[in-house]
Amino acid sequence: MSAQRIVEVWPLGVVDYAAGLAMQEQLVARRRQGEVPDTLLLLEHPPVITLGRAAEPEHIVAPKAVLERRGIAVYETGRGGDVTYHGWGQLVGYPILDLNPDRRDIRRYMRDLEEVLIRTVAEYGIAAGRVAGLTGVWVAGERKMAALGVRISRWITSHGFALNVTTHLGDFDFIVPCGITDKTVTSIARETGQTPALDDVAGHVARHFGGVFERAVVWRQVEQASVQVWLFRRQGTQTEYLVLRRTDARGGFWQPVTGRVEPGETPTAAARREVWEETGQATEPTALGLVETSLTNAAWFAPAAAGPVFNREHAFAAPVGTDAVQLQADEHDAYAWLPFEAAFARLHWAGHRRALRHLHCQGFP
């Protein structure tokens with residue numbers, strides 16, 4: 001009798017949508033080569049609208065300027081389906097599964113994903129089901145609680161599902177969800193009055209995923225961490241933010257102070273140390289409450305990790321009283337103090353833009 005197949009479940013927390021696409025692309029390639037086992041990524045995306053292969057552009061009903069003010073990005077994707085929305089309070093699942101040799105049936109795969117979610121919401125007393133001719137998980141056949149959009153390439157899956165837990169449902173007014181005009185969206189919170197933590201819902205999803213797909217569930221945890229630190233100063237009535245340019249050998253892009261959290265070090269201690277090392281400023285950084293996860297290069301770690309290496313970046317900020325900056329020549333070759341719009345425009349990474357926007361709009365904690 002053959003041993004039961006496993007699925008590694010990674011609870012990743014917040015992941016930028018573009019970073020999520022890159023994760024899936026890399027993991028699909030590694031799954032095809034047999035370098036990683038079946039994998040389920042469970043995460044939360046910052047607000048974003050995505051268009052599947054069957055999407056109609058007019059199903060985004062909000063003007064571009066409104067979306068930009070709200071910080072809602074728009075992406076075209078390789079998944080099936082129409083237009084959908086991801087945002088805070090929504091649990092997103094990306095299964096990277098090899099359906100060979102015994103599950104090579106797309107309809108069965110879609111029904112199995114729905115079954116996982118039907119069983120999950122039943123844990124909260126919700127009787128959900130399917131609607132003939134439509135994908136997803138529905139309450140009373142009228143209110144959509146979970147959307148599905150998958151991609152299957154040579155029987156390796158990617159993309160997956162989005163389950164509304166405590167999602168702000170008003171944000172769905174920016175689109176025609178999945179191109180369906182005569183039904184509404186709902187969430188666990190809307191249906192029950194409960195506000196379960198995404199981690200708790202993820203636990204139910206993983207357990208039912210293992211049961212439906214006949215996999216033994218193996219939980220994995222993100223072990224690597226890094227920091228980004230925004231230094232800012234007041235210039236009259238204007239606030240200016242420090243950006244640093246990486247040397248050409250390190251990519252040549254602009255960013256705030258960044259660095260890895262060393263073993264035994266807290267993120268706060270790492271933020272303080274990195275600011276001192278990269279700028280010569282003595283500060284007491286304050287956490288912004290923003291933490292995002294990305295898939296990083298295993299070769300950066302010694303010895304190189306055998307499996308995927310995820311990194312969790314913590315955002316900090318600190319005011320400074322002097323503009324004196326002492327750069328590390330092997331890391332950065334230029335710096336600038338810039339107002340928000342100019343600093344925002346220079347940044348390379350979405351996570352850095354998100355943290356700067358948060359600091360500028362919400363104010364220093």
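The values are calculated or read from the model by the stated rules, or taken from the named source; none is laboratory data. None of the values given here were measured: they were computed from a predicted structure. A quick note on method: Cβ atoms are made from the backbone with ideal geometry, for glycine too, and the neighbour counts reach across all protein chains shown. Calculation scope for accessible area: heavy atoms of the full protein, side chains included, ligands and nucleic acids excluded. Shrake-Rupley method; radii C 1.70, N 1.55, O 1.52, S 1.80 Å.
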State the number of residues belonging to the stretch 5-27 that are open to solvent by 20 Å² or more (accessible area, probe 1.4 Å) and farther than 23 Å from H314 by Cα. 5
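Matching residues to (1) among the hydrophobic types (A, V, I, L, M, F, W, C); (2) in contact (Cβ under 8 Å) with a residue 12 or more places away in the chain; (3) closer than 29 Å to I96 by Cβ:
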{"position": "G141", "(1), (2), (3)": "no, yes, no"}
{"position": "K144", "(1), (2), (3)": "no, yes, yes"}
{"position": "L148", "(1), (2), (3)": "yes, yes, yes"}
{"position": "S153", "(1), (2), (3)": "no, yes, yes"}
{"position": "I180", "(1), (2), (3)": "yes, yes, yes"}
{"position": "S187", "(1), (2), (3)": "no, yes, yes"}
{"position": "Q194", "(1), (2), (3)": "no, yes, no"}
Could you name every one of the strands (runs of 3 or more DSSP E) located completely within the stretch 118-175 that has at least 1 residues being β-branched (V, I, T), within 13 Å of S187 (Cα to Cα) and modelled with pLDDT of 95 or more? 134-139
Give the residue that is modelled with the lowest pLDDT, with candidates limited to residues of the stretch 48-58 that are touching a helix residue (DSSP H, G or I) at 6+ places or on another chain (Cβ under 8 Å) and buried (at least 19 other Cβ atoms within 10 Å of the Cβ). A55
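From the list L134, L99, L113, L148, which one is open to solvent by 20 Å² or more (accessible area, probe 1.4 Å), in contact with a helix residue (DSSP H, G or I) (Cβ under 9 Å, 6 or more places away or on another chain) and under 26 Å from L51 (Cβ atoms)?
On the way: L99 fails: open to solvent by 20 Å² or more (accessible area, probe 1.4 Å); L113 fails: open to solvent by 20 Å² or more (accessible area, probe 1.4 Å); L148 fails: open to solvent by 20 Å² or more (accessible area, probe 1.4 Å).
Testing whether each residue is open to solvent by 20 Å² or more (accessible area, probe 1.4 Å), in contact with a helix residue (DSSP H, G or I) (Cβ under 9 Å, 6 or more places away or on another chain) and under 26 Å from L51 (Cβ atoms) leaves just L134.
One line per residue, one yes/no per condition, for (1) assigned to a loop (DSSP other than H, G, I, E, B); (2) open to solvent by less than 40 Å² (accessible area, probe 1.4 Å); (3) under 26 Å from R234 (Cβ atoms); (4) out of contact with any Phe, Trp or Tyr (no Cβ under 8 Å at 6 or more places or on another chain):
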{"site": "T268", "(1), (2), (3), (4)": "no, no, yes, no"}
{"site": "W276", "(1), (2), (3), (4)": "no, no, yes, yes"}
{"site": "Q281", "(1), (2), (3), (4)": "yes, yes, yes, yes"}
{"site": "V291", "(1), (2), (3), (4)": "no, no, no, yes"}
{"site": "D330", "(1), (2), (3), (4)": "yes, no, no, yes"}
{"site": "A334", "(1), (2), (3), (4)": "no, yes, yes, yes"}
{"site": "L338", "(1), (2), (3), (4)": "no, yes, yes, no"}
{"site": "R357", "(1), (2), (3), (4)": "no, no, yes, no"}
The one condition V320 fails out of (1) within 14 Å of L242 (Cβ to Cβ); (2) surrounded by fewer than 17 Cβ atoms within 10 Å (Cβ to Cβ); (3) touching a Lys or Arg at 6+ places or on another chain (Cβ under 9 Å) is (2)
When only residues in the stretch 206-244 that are open to solvent by less than 50 Å² (accessible area, probe 1.4 Å) and among the charged types (D, E, K, R) count, which is farthest from E292 (Cα to Cα)? R215
Among the residues of the stretch 253-266, write down those that are in contact with a Leu (Cβ under 7 Å, 6 or more places away or on another chain), open to solvent by less than 40 Å² (accessible area, probe 1.4 Å) and among the hydrophobic types (A, V, I, L, M, F, W, C). V257
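So that you can scan it fast, the table gives a plain yes or no per residue for (1) farther than 30 Å from P37 by Cβ; (2) under 21 Å from the mean Cα position of the chain (by Cα):
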site: L91; (1), (2): no, yes
site: D105; (1), (2): no, no
site: G133; (1), (2): yes, no
site: G160; (1), (2): no, yes
site: N164; (1), (2): no, yes
Taking only the stretch 346-355 into account, find how many residues are out of contact with any Leu (no Cβ under 8 Å at 6 or more places or on another chain) and open to solvent by 70 Å² or more (accessible area, probe 1.4 Å). 2
Residue within the stretch 293-306 that is at pLDDT 95 or above and closer than 26 Å to G13 by Cα present: yes
